[in-house]
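Take a look at this one; I'll ask things after.
The values are calculated or read from the model by the stated rules, or taken from the named source; none is laboratory data. This structure is a prediction, so every number in the text was calculated from the model and none was measured. A quick note on method: Cβ atoms are made from the backbone with ideal geometry, for glycine too, and the neighbour counts reach across all protein chains shown. In case anyone asks, the SASA skips ligands and DNA or RNA and just uses the protein heavy atoms, side chains included. Shrake-Rupley method; radii C 1.70, N 1.55, O 1.52, S 1.80 Å.
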Amino acid sequence: MVARAKTLSADEAFLKRLFRSYYEKWNEKPPKDFEKREFAFMMTKEGEMVRHKSFSEWSEVKEFLRRNAPLHVFYSSAYYLNPDAPDMDSKEWLGADLIFDIDVDHIPTPCKEKHDTWTCLNCGFAGRGMPPEECPNCSSKRIEVKTWFCDECLLVAKEEAMKLIEDFLIADFGFSTSEITVAFSGRRGFHVHVESDVVKELDQRARREIVDYVKGVGLAIAEGRGRVLIPPLTAPGWFGRVSRGVYEILSGRSIDELASSLGLKATKKFREGVELLTSSLERAEDFQALPSGLRKMWKVLVDKAVQEKRCEVDERVTTDIKRLIRMPGSLHGGSGLIVTKLSVKELETFDPLRQAVAFKKGYVKVRVHEMPEIRFLDDVWGPFRNEVVEIPAGLAVYLICSGNATIVKGGVRAC
Ligand SMILES: [Zn+2]
Ligand SMILES: [Zn+2]
């Protein structure tokens, strides 16, 4: 039995009605071994999470969603003997999928200066772009952020996800694309799921190793017999990745640009070093000794190559073997968008503000508090600031869910 708030605000009632209409037609396939997973739901924005649910029939999940139209739906990455046991110890952990979370929240992108703002809730100090850890004015950690997901953010998140999948999961770890699924997180990123018996029983420490590898943590420069070694471009794993990264940095820019990007001086010695390294990398078929005098330059180049080739994943998600993750196919209550399941191939062309939109019919009148210009479906809307506008229902849901708009009286027509 789920406790229900007595009265819903106009916004909540509107969302409830639309979410219910979505789940009435919902026909998503079950995740692997769903009956061994814990399910969790949030019914309202402020409400508590309903946890420790389990279902033995998939039709029960559908019925639950239809009846309750939750704002958020999660399931455990873990498989349990007793998924509905109320405490974690008596659930009896059997294993877990390997999950990676790529979120633009954690990746610095230049567009954030344009569309993201933050405000210190303690002193009111505010700024644009990535929020600081603590307020630069009063050191408070109570920082409220307003974030948006633009086409530039989308591109960055996709590139990061493709890098994770192609360079690490497939090339280095040897998973096949059929073991990997991607889900649009519903907000600003992607979840990459690896469902394989090989990963199922990995403990937290093993998953930490995987995260460190993907993030390029703790790498050391290749050495042998006291000399620094240059790995061939084709070497497996990080060896070849670093050499390819260095080669890409060295190619395609002028000596002056290159020197300034590395924080070095464009001297004659630097130019000769670049030529020597480039030709060494081009002809190397095996590990070879670094030409003398280039140790400092090589180190700077390797550090930069690692920065460019590493993958920015949220380590808390991957190392947590009892994590609740959003269920693909469900709606994200913070955006109203569908947590869309994608194959690796579909990721490339995926467009969330078109393909993850659940509500494509009708218009709604809302008061928008603040919104930058947004391309939604086929049209561009905004920017709006504290004004009443009639906008597509899906965009209204997006804004209401993210706290950027409220329904105005009589604003809902058929949708
Ligand atoms: Zn402050
Ligand atoms: Zn952006």
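Would you mind telling me which numbered condition in (1) out of contact with any Ser or Thr (no Cβ under 6 Å at 6 or more places or on another chain); (2) buried (at least 19 other Cβ atoms within 10 Å of the Cβ) residue 97 fails?
Unmet condition: (1).
Based on what the data block shows, is residue 80 surrounded by 19 or more Cβ atoms within 10 Å (Cβ to Cβ), in contact with a strand residue (DSSP E or B) (Cβ under 8 Å, 6 or more places away or on another chain), more than 16 Å from residue 339 (Cα to Cα) and touching a residue at least 24 places away in the same chain (Cβ under 8 Å)?
Answer is yes for this residue.
Being hydroxyl-bearing (Ser, Thr, Tyr), within 20 Å of residue 156 (Cβ to Cβ) and touching a Pro at 6+ places or on another chain (Cβ under 8 Å) narrows it down to one of 349, 340, so name that one.
340
Can you find even one residue in the range 142-149 that is part of a strand (DSSP E or B), in contact (Cβ under 8 Å) with a residue 60 or more places away in the chain and within 16 Å of ligand 2 (Cβ to nearest atom)?
So far as the range 142-149 goes, yes, one or more of its residues are part of a strand (DSSP E or B), in contact (Cβ under 8 Å) with a residue 60 or more places away in the chain and within 16 Å of ligand 2 (Cβ to nearest atom).
Still on this structure, I have one more. Looking at residue 304, is it part of a helix (DSSP H, G or I) and either aliphatic (A, V, I, L, M) or open to solvent by 20 Å² or more (accessible area, probe 1.4 Å) (or both)?
Numbers: part of a helix (DSSP H, G or I): yes; either aliphatic (A, V, I, L, M) or open to solvent by 20 Å² or more (accessible area, probe 1.4 Å) (or both): yes.
Against the criterion (part of a helix (DSSP H, G or I) and either aliphatic (A, V, I, L, M) or open to solvent by 20 Å² or more (accessible area, probe 1.4 Å) (or both)), residue 304 qualifies.
Does the range 178-200 include one or more residues that are in a loop (DSSP other than H, G, I, E, B), on the phi > 0 side of the Ramachandran plot and assigned by TED's automatic domain parsing to the domain that holds residue 263?
no
Those residues that are within 15 Å of ligand 2 (Cβ to nearest atom), more than 20 Å from residue 382 (Cβ to Cβ) and either touching a helix residue (DSSP H, G or I) at 6+ places or on another chain (Cβ under 7 Å) or at pLDDT 95 or above (or both), I need them from the range 119-141; list them, please. Quick ask: steps written out before the conclusion?
Within the range 119-141, the subset within 15 Å of ligand 2 (Cβ to nearest atom) is 128-131.
Cutting the leftovers down to more than 20 Å from residue 382 (Cβ to Cβ) gives us 130-131.
Answer for the range 119-141, where residues must be within 15 Å of ligand 2 (Cβ to nearest atom), more than 20 Å from residue 382 (Cβ to Cβ) and either touching a helix residue (DSSP H, G or I) at 6+ places or on another chain (Cβ under 7 Å) or at pLDDT 95 or above (or both): just 130.
I've got another one for you. Please identify the pairs in which a residue from the range 99-123 that is assigned to a loop (DSSP other than H, G, I, E, B) has its Cβ atom under 7 Å from the Cβ atom of a residue that is within 13 Å of ligand 2 (Cβ to nearest atom) and among the polar types (S, T, N, Q), counting only partners at least 6 apart or on another chain.
116/147
Something else: Among the listed residues 350, 287, identify the single one that is farther than 30 Å from residue 93 by Cα and open to solvent by less than 40 Å² (accessible area, probe 1.4 Å).
Details: 287 fails: open to solvent by less than 40 Å² (accessible area, probe 1.4 Å).
On inspection, the qualifying residue turns out to be 350.
Just one of (1) in contact (Cβ under 8 Å) with a residue 24 or more places away in the chain; (2) open to solvent by less than 60 Å² (accessible area, probe 1.4 Å); (3) within 30 Å of residue 99 (Cβ to Cβ) trips up residue 240, so point out which.
(1)
Let me ask something else. For the range 232-276, what are the residues that are under 22 Å from residue 310 (Cβ atoms), in a loop (DSSP other than H, G, I, E, B) and in contact with a Leu (Cβ under 9 Å, 6 or more places away or on another chain)?
Selection gives 232, 233, 264.
Moving to a separate point now. If you take the residues in the range 119-168 that are small (Gly, Ala, Ser) and within 16 Å of ligand 1 (Cβ to nearest atom), which one is surrounded by the fewest Cβ atoms within 10 Å (Cβ to Cβ)?
124
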